[in-house]
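Worksheet for the structure shown next.
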Amino acid sequence: MRIGGNEISARWLRDHGDDPSSLDPVSGQRLVDTFSIPRDVSARHVEERDGRLTIDWSDGATTTHDLDALRAVIAAPRSPGPAADLALTLDPGVVPWPAPPADPTRFDATVIDHDDEWIDALTHLRRYGWLAIDGAAPGRAPVERLAARIGYPRSTVFGAVWEMAAGAQDHRDSAYDSIALDLHTDGTYSFDAPGTILFSQQRRGGDGGDSVLVDGFAAAADFAASDPTAADLLSRYEIRGRYVEPGVDLLADRVPLRLDRSGVLRQVSFNNYDRAPVLPAAGHLDDVLDAYQAFRATFTEASRALVLDWEPGRMLLFDNWRLLHGRTEYQGARVFLGCYTNHEDLEGAYRRAGLGERRGHR
């Protein structure tokens with residue numbers, strides 16, 4: 001399809017409508033099921049009127065597009081960064097888990113206040129990327145004390161320590177609904193994404209709402225072994241993330257697989273809800289989209305998922321640069337307190353505990 005003298009892929013256009021069935025009109029989060037779009041999707045009918053494009057697609061969908069916004073994206077196509085000839089490897093302190101443990105380890109809330117127990121808990125977090133705790137008292141104090149073991153609660157648009165519950169009106173974000181959430185990392189719209197995420201359940205009623213964790217490092221290593229060309233592309237092609245609400249408009253670019261100068265994987269970034277339009281330069285579009293979808297197909301394999309249920313007093317702390325997380329659909333009341341901390345503070349906590357020095361980041 002030609003727009004402004006440029007030939008634009010039907011596959012890309014189908015994925016980038018701005019109609020209410022494709023994008024939430026308030027938050028701008030993506031609603032379209034990117035990964036079910038046929039690779040050979042085609043336009044059946046195209047109409048241009050009053051600066052907008054309406055397209056009826058071969059898969060039965062209809063999308064609309066603001067032509068000025070389309071032209072702006074088309075005017076700035078993106079190429080991958082230069083090849084570095086690096087093979088993806090993992091830090092030796094990481095214990096990858098392609099499949100979850102049969103009996104997930106849970107620590108008692110006493111670990112928060114006792115140094116020896118905390119070292120054991122922190123060792124588990126360092127190795128596996130997550131830490132589950134039972135028996136925490138309700139309220140903000142346990143959340144703040146656990147965050148202080150690493151650094152401090154990171155203040156963001158959501159606050160420092162925030163409450164998350166279905167129907168909350170503070171923020172228009174998919175996390176504040178009761179729908180199932182696809183696997184993702186947080187903060188793809190931040191230049192420095194949160195290093196850890198901490199959830200503490202306060203109240204619960206109804207069914208569902210289990211947390212789902214996947215080891216993104218293990219999935220990336222498997223992906224690189226099976227398709228090194230695609231993994232290399234995702235280490236060089238920047239995806240754009242965006243978060244919008246009244247008074248807030250955040251935008252950042254980051255590669256899905258971020259390697260350091262030695263080829264060690266330091267960060268996985270993947271959030272299709274918050275992915276903003278960027279057009280791959282000529283010759284790269286199908287390769288980029290295929291690699292993006294193939295990596296998702298790898299980390300969404302059911303055998304990789306660690307599913308953790310919830311009850312009041314349970315806490316979960318995990319590395320947002322390593323693990324992808326999601327949620328099953330739920331009904332009823334489900335109220336959490338939570339916060340973020342920085343990754344440099346997490347790495348500092350590991351060093352203070354003698355759990356290994358991390359090499360510098362690119």
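The values are calculated or read from the model by the stated rules, or taken from the named source; none is laboratory data. Just so it is clear, the model here is predicted, and its values are computed rather than measured. FYI the Cβ positions are ideal-geometry reconstructions off the backbone, even for glycines, and counts take in every protein chain you see.
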- request: Evaluate the following for GLY187: is it over 12 Å from the mean Cα position of the chain (by Cα) and either surrounded by fewer than 21 Cβ atoms within 10 Å (Cβ to Cβ) or modelled with pLDDT of 65 or more (or both)?
  value: no
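Give ALA225, ALA297, ALA282, ALA302 a once-over and let me know the one that is among the small types (Gly, Ala, Ser), surrounded by fewer than 19 Cβ atoms within 10 Å (Cβ to Cβ) and within 30 Å of GLY205 (Cβ to Cβ).
On the way: ALA225 fails: within 30 Å of GLY205 (Cβ to Cβ); ALA297 fails: within 30 Å of GLY205 (Cβ to Cβ); ALA282 fails: within 30 Å of GLY205 (Cβ to Cβ).
Selected residue: ALA302, the only one of ALA225, ALA297, ALA282, ALA302 that is among the small types (Gly, Ala, Ser), surrounded by fewer than 19 Cβ atoms within 10 Å (Cβ to Cβ) and within 30 Å of GLY205 (Cβ to Cβ).
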query: Consider SER9 against the criteria (1) at pLDDT 95 or above; (2) hydroxyl-bearing (Ser, Thr, Tyr); (3) within 27 Å of the chain's Cα centre (by Cα): it satisfies all of them except one. Which criterion is unmet?
result: (1)
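Please find, among GLY263, GLY216, GLY195, GLY206, the residue that is under 29 Å from LEU131 (Cα atoms), surrounded by fewer than 16 Cβ atoms within 10 Å (Cβ to Cβ), in contact with a Leu (Cβ under 7 Å, 6 or more places away or on another chain) and not β-branched (Val, Ile, Thr).
Details: GLY216 fails: surrounded by fewer than 16 Cβ atoms within 10 Å (Cβ to Cβ); GLY195 fails: surrounded by fewer than 16 Cβ atoms within 10 Å (Cβ to Cβ); GLY206 fails: in contact with a Leu (Cβ under 7 Å, 6 or more places away or on another chain).
Result of the check over GLY263, GLY216, GLY195, GLY206: GLY263.
Tell me, which strands (runs of 3 or more DSSP E) lie completely within segment 170-285 with 1 or more residues that are without any contact (Cβ under 8 Å) to a residue 12 or more places away in the chain?
Here the list reads 248-254.
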task: Return the total of residues in segment 314-349 being at pLDDT 95 or above, among the small types (Gly, Ala, Ser) and part of a loop (DSSP other than H, G, I, E, B).
output: 0
task: List every residue pair whose Cβ atoms lie under 7 Å apart, where the two residues are 6 or more positions apart in sequence or sit on different chains, the first residue falls within segment 90-111 and is more than 17 Å from PHE223 (Cα to Cα), and the second residue, located anywhere, is buried (at least 17 other Cβ atoms within 10 Å of the Cβ) and charged (D, E, K, R).
output: GLY93/ARG126
- prompt: What is the one condition in (1) outside the structural domain of LEU131 (by TED's automatic domain parsing); (2) farther than 24 Å from THR300 by Cβ; (3) of a type in the set (Gly, Ala, Ser) that GLY17 does not satisfy?
  reply: (2)
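Modelled with pLDDT of 95 or more and either surrounded by 18 or more Cβ atoms within 10 Å (Cβ to Cβ) or within 27 Å of the chain's Cα centre (by Cα) (or both): is that true of THR63 in this structure? I'd like the intermediate steps shown before the answer.
Details: modelled with pLDDT of 95 or more: yes; either surrounded by 18 or more Cβ atoms within 10 Å (Cβ to Cβ) or within 27 Å of the chain's Cα centre (by Cα) (or both): yes.
Here the answer is yes, as THR63 does meet what is asked.
Being more than 27 Å from the chain's Cα centre (by Cα), among the aliphatic types (A, V, I, L, M) and surrounded by 18 or more Cβ atoms within 10 Å (Cβ to Cβ) is true for just one of VAL111, VAL161, VAL143. Which residue is that? Reasoning before the result, please.
On the way: VAL161 fails: more than 27 Å from the chain's Cα centre (by Cα); VAL143 fails: more than 27 Å from the chain's Cα centre (by Cα).
Among VAL111, VAL161, VAL143, only VAL111 is more than 27 Å from the chain's Cα centre (by Cα), among the aliphatic types (A, V, I, L, M) and surrounded by 18 or more Cβ atoms within 10 Å (Cβ to Cβ).
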message: Would you confirm whether or not segment 272-279 contains a residue that is in contact with a Lys or Arg (Cβ under 6 Å, 6 or more places away or on another chain), of a type in the set (Val, Ile, Thr) and surrounded by fewer than 21 Cβ atoms within 10 Å (Cβ to Cβ)?
response: yes
task: Enumerate the pairs (first residue in segment 326-355 and on the phi < 0 side of the Ramachandran plot and of a type in the set (A, V, I, L, M); second residue anywhere and at pLDDT below 95 and not in a strand (DSSP E or B)) with beta-carbon separation below 7 Å, excluding pairs fewer than 6 apart on the same chain, so at least 6 apart or on different chains.
output: ALA333/GLY205; ALA333/GLY206; LEU355/GLY93
- request: For SER27, work out the one condition from (1) outside any loop (DSSP other than H, G, I, E, B); (2) polar (S, T, N, Q); (3) surrounded by 14 or more Cβ atoms within 10 Å (Cβ to Cβ) it doesn't fulfil.
  value: (1)
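The rows are residues; the columns are (1) among the hydrophobic types (A, V, I, L, M, F, W, C); (2) over 22 Å from LEU324 (Cβ atoms); (3) touching a Gly at 6+ places or on another chain (Cβ under 8 Å); (4) assigned by TED's automatic domain parsing to the domain that holds LEU324.
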| site | (1), (2), (3), (4) |
| --- | --- |
| VAL95 | yes, no, no, yes |
| PRO101 | no, no, no, yes |
| ARG106 | no, no, no, yes |
| ALA109 | yes, yes, yes, yes |
| TRP118 | yes, yes, no, yes |
| HIS124 | no, no, no, yes |
| GLY129 | no, no, no, yes |
| ILE133 | yes, no, no, yes |
message: Report every pair of residues separated by at least 6 positions or lying on different chains whose Cβ atoms are under 6 Å apart, first residue within segment 33-54 and surrounded by 10 or more Cβ atoms within 10 Å (Cβ to Cβ), second in a loop (DSSP other than H, G, I, E, B) and at pLDDT 95 or above.
response: THR34/ASN272; PRO38/ASP59; VAL41/SER58; VAL41/ASP59; SER42/SER58; ARG44/SER58
Selected residue (only one of PRO82, PRO96 is part of a loop (DSSP other than H, G, I, E, B), touching a strand residue (DSSP E or B) at 6+ places or on another chain (Cβ under 9 Å) and not hydroxyl-bearing (Ser, Thr, Tyr)): PRO96
